[in-house]
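Here's the structure we're looking at; comments come further down.
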Amino acid sequence: MVASTWRPEEVFHPPVPEAEVADALRAEREHALVQAHLPVVWRFLRRLGLSPEDADDATQEVFVVAVRKLDRIEPDRERSYLYAIAVRIASRQRRSQNVRSSRTVRVDVDECRSREPSADELLDRKDGLAFLDDTLSKMTPDLRTTFALYELEEMTMAEIAVVTEVPMGTVASRLRRAREQFQEAVKRMQNPTPRQP
């Protein structure tokens with residue numbers, strides 16, 4: 001008599017092929033990557049000097065590259081990997097085309113209504129963002145990138161060195177110079193020179 005190899009659980013829950021499991025896990029990781037990092041990558045690209053429209057295109061390109069190379073991204077290192085891609089794409093875009101000179105600040109009216117800020121608060125935010133964009137636009141791309149990664153994205157100097165592929169000493173020097181330029185801009189804003197009659 002031959003022992004039966006029939007297992008009832010396989011009739012009701014047939015085994016899922018490994019390829020399907022791997023595809024489902026990859027799709028889940030792709031979705032999580034985009035969901036968690038899309039807004040910060042877009043904001044970072046804006047801080048690197050791209051217009052809102054160019055930042056939209058560059059953000060999409062960053063995630064196309066990241067999804068294609070997803071297997072190379074170590075867990076918990078996604079942000080650094082995405083920023084490194086963003087730095088290269090922004091740099092290439094600056095070289096290949098003129099970045100639009102107009103720096104507009106978008107204010108989402110629905111978002112503003114839900115938080116109910118006053119008109120003065122909205123104006124202060126808009127002025128602050130315009131000042132930040134203007135100040136960053138006057139920095140060299142290297143200084144702007146370092147300043148944005150450290151001050152706005154709160155990355156460490158070691159992480160910035162990896163993302164920008166430069167030594168730590170260069171990161172520290174760029175950060176110091178960028179901070180000096182930012183402080184000078186703040187002083188000029190606080191103490192405008194009087195106009196000549």
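The table that follows gives values for the structure above.
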{"item": "Environment charge at Leu152 (Cβ cut-off 14 Å; Lys +1, Arg +1, Asp -1, Glu -1)", "result": "+1"}
{"item": "Formal net charge of residues neighbouring Pro141 (Cβ-Cβ distance under 10 Å; K, R +1; D, E -1)", "result": "+2"}
{"item": "Spacing of the two label points (7 Å from each Cα toward its C-beta) at Arg77 and Val64, in nm", "result": "2.5 nm"}
{"item": "Within region 138-197, GluC sites (Glu not before Pro) in DSSP loop having at most 12 other beta-carbon neighbours inside 10 Å", "result": "Glu154, Glu165"}
{"item": "Karplus-derived HN-Hα couplings along region 39-51 (A = 6.51, B = -1.76, C = 1.60, θ = phi - 60°), whole Hz, x at Gly and Pro", "result": "x, 6, 5, 4, 4, 4, 5, 5, 5, 7, x, 7, 5"}
{"item": "Cα gyration tensor shape for region 138-191, rounded if a/c is under 1.5, else prolate or oblate", "result": "prolate"}
{"item": "Burial ranking of peptide ranges 82-89, 133-140 (average Cβ count within 10 Å, highest at the top)", "result": "82-89, 133-140"}
{"item": "Mean separation of Cα contacts under 8 Å, 6 or more apart, over the residue count of region 138-191: relative contact order %", "result": "40 percent"}
{"item": "Mean Cβ count within 10 Å, highest first, over the residues of peptides 29-41, 58-70", "result": "58-70, 29-41"}
{"item": "Global geometry of region 24-102, whether rounded, prolate or oblate, following the gyration tensor of its Cα atoms and the 1.5 cut on a/c", "result": "prolate"}
{"item": "Computed FRET value (nearest 0.05) for Glu30 with Glu151, which takes r as the C-beta separation and R₀ as 22 Å", "result": "0.15"}
{"item": "Efficiency of FRET from Cβ geometry, Asp120 and Asn191, R₀ 25 Å, rounded to 0.05", "result": "0.65"}
{"item": "Region 24-102 - charge dipole about Cα centre, Lys and Arg +1 at Cβ, Asp and Glu -1, debye rounded to 20", "result": "360 debye"}
{"item": "Net charge over other residues, Cβ less than 11 angstrom from the Cβ of Thr164 (K, R count +1; D, E count -1)", "result": "-1"}
{"item": "C-alpha center-to-center spacing [region 60-88, region 162-179] in angstrom", "result": "21 Å"}
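Every read-out reported here was derived from the displayed coordinates using simple, explicitly stated rules and does not represent laboratory data. Everything numeric in this text was worked out from a predicted model, so none of it was measured. Positions of Cβ are backbone-derived with ideal geometry, glycine not excepted, and every protein chain shown enters the neighbour counts.
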